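The values are calculated or read from the model by the stated rules, or taken from the named source; none is laboratory data. These figures come from a predicted structure and were not determined experimentally. Cβ sites come from the backbone with ideal geometry, for glycine too, and all protein chains shown count toward neighbours.
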Amino acid sequence: MRFDYAIVGGGIVGLATAHALAERFPDASILLLEKEDGPARHQTGRNSGVLHSGIYYAPGSLKARLCAAGVQSMMRFCDEYGIRYEQCGKVIVATHARELPQLERLYERGLQNGLNVQRLTSEEVRAYEPHVQAIAGIRVPSTGIVSYRHVSLTLVDLARARGTDVRFGTRVERLTPTAHGYDIGTTAGDFTARVLVNCAGLHSDRVARLAGTDPGASIVPFRGEYFELREDRRHLVRGLIYPVPNPDFPFLGVHFTRMIDGSVHAGPNAVLAFQREGYRKTDVNLHDLTEVLRNPGFHTLARKHLREGAMEMLRSWSKAAFVRSLQALIPEVTADDIVPCSAGVRAQAMADDGKLVDDFLLVDGPNALHVCNAPSPAATSSLEIGRVIAARVPGIAPLTPARPPLEGVYA
């Protein structure tokens, strides 16, 4: 079968891309291929459901610009299609004096990114989160919560209603560039497409190489493990409570997140997963693991973050260590208050020199675009990422009137 556009990956970024392409090219034929039996089975369906504000990201970066626009787009989408969400706001708190300079830098970054950010004293923190112990904090009112799985299911329905051919349980095994696009070999038969869009998440680097494009980076999977507060202890958390992140470490630290269903998750840590879809400590894929360990860049990364990495591993194997990290924010939390819940795996791109890619990474190929780094806040930003992709890929059908893409986001 022949299509104008083929999208590989049925997470929220792939589905948002199908949504944007159908809006921009209503007469084009679109195919979406997903190897799982349904949408949002990996990063999208296993994250904490936060509508991020964009406070952490470098001003002018794709993450900062698309997150700020994306949270607004996502709330409008939810309003339009009756998806429940809540702007509960979040507090980022300092528990030691040494964290105050970084807290102030975060406040200034929030202002640079055009956010409403409020400084908080210790007493003001407790007015929002009575059980938190902090010496200072900042509040970001625009942060919220939603179910990205619900959003994804809605995007699937919209895609099919507009004529997109959405095929689950279809793994891409071969991509052959041709003069007219790509021949695509899958477990459910062969297809051709004039333009390929790679939104394969944890396997995005492999799909890019399968299509003959070197993305200049490799995916390193980091498992994030969570605990959940027992129902009778959920009152300890009203909204979202984050520590001041370590500026030398690319993760945000364990935090408390109230989910849209009312549950409260605590975590995640960040440990190397021994399998790209390794959601349990015992999940090991020798090919995946060997690929990481043979990469010289990973050894550079590991040496740089040896101390932080060791602490993350300790939290992974010791509940007591995990609880101590939580008690830095809420001293009342005990080991009896939390139970393990499902983990997620972050698809983090690492450049060949061992540096983790800080921004979203979009790599052009012949008649193709590869999304090779789309970790958090990609879910928040997904509708805007889709718009950027639709504006960037080669046009097949006449353009229809649509909102113009954000200027300069891929300059």
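Return yes or no: is ARG223 of a type outside the set (A, V, I, L, M), touching a Leu at 6+ places or on another chain (Cβ under 9 Å), more than 22 Å from LYS35 (Cβ to Cβ) and in the same structural domain as ALA328 (by TED's automatic domain parsing)? Judged against the criteria, ARG223 is not a match. There is at least one residue in the range 170-188 that is basic (Lys, Arg) and either in a strand (DSSP E or B) or out of contact with any Pro (no Cβ under 9 Å at 6 or more places or on another chain) (or both). From the list GLU277, GLU228, the lone residue that is farther than 22 Å from LEU51 by Cβ and charged (D, E, K, R) is GLU277. Looking only at the range 110-148, residues that are assigned to a helix (DSSP H, G or I) and over 16 Å from ILE12 (Cα atoms) come to 10 in all.
Of the residues examined, ARG160 is one that is surrounded by fewer than 16 Cβ atoms within 10 Å (Cβ to Cβ) and modelled with pLDDT of 95 or more.
Just one of the listed residues (VAL156, VAL207, VAL195, VAL151) is within 26 Å of the chain's Cα centre (by Cα), outside the structural domain of LEU252 (by TED's automatic domain parsing) and in a strand (DSSP E or B), and it is VAL195. Checked against (1) within 17 Å of the chain's Cα centre (by Cα); (2) at pLDDT 95 or above; (3) within 25 Å of GLN102 (Cβ to Cβ), ILE241 passes all but condition (1).
Within the range 165-192, the set of residues being surrounded by 14 or more Cβ atoms within 10 Å (Cβ to Cβ) and either under 24 Å from the mean Cα position of the chain (by Cα) or not assigned by TED's automatic domain parsing to the domain that holds LEU31 (or both) comprises VAL166, ARG167, PHE168, THR170, ARG171, VAL172. Against the numbered list (1) out of contact with any Lys or Arg (no Cβ under 8 Å at 6 or more places or on another chain); (2) at pLDDT 95 or above, ALA390 comes up short only at (1).
Residues in the range 292-344 that are aliphatic (A, V, I, L, M), part of a helix (DSSP H, G or I) and touching a strand residue (DSSP E or B) at 6+ places or on another chain (Cβ under 9 Å): VAL292, LEU301, ALA302, MET313, VAL323, LEU326.
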